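The values are calculated or read from the model by the stated rules, or taken from the named source; none is laboratory data. Computed from a prediction, not measured in an experiment: that's the story for all the values here. Every residue, glycine as well, gets a Cβ built from its backbone with ideal geometry; the counts of neighbours run over all protein chains shown.
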């Protein structure tokens, strides 16, 4: 089975009990099998940042260390796997951002830009 790469917002909703989508993300998560959900470095960092922001979390804000520990605990669950970045990613990423025009934001543009990265 290939894992789905979990969206940062889904993971955040799963971890923050006061999030408006907490119940629906928890319901989805509980249905997943072992190894069904992937978390990459970008989503991990995206989940760590908001809980430490007092403007977002108010009195429920976490320290950076605690937020990191929460993601580590989440990764200990058998449903989640950590997806390593592929070799050569540091050479590939700059090519994604070499486009000098204004991004139109359509799926067709996204696909055509990614096809021209090689």
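Results, tabulated for the structure shown:
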read-out: Residues being in contact with a strand residue (DSSP E or B) (Cβ under 7 Å, 6 or more places away or on another chain) and either within 21 Å of residue 59 (Cα to Cα) or at pLDDT below 90 (or both) - total across the range 12-38; value: 0
read-out: Check on residue 100, at pLDDT below 60 and more than 20 Å from the chain's Cα centre (by Cα); value: no
read-out: Segments classed as helices (runs of 4 or more DSSP H), wholly inside the range 1-52, with at least 3 members that are buried (at least 19 other Cβ atoms within 10 Å of the Cβ); value: 8-15, 41-48
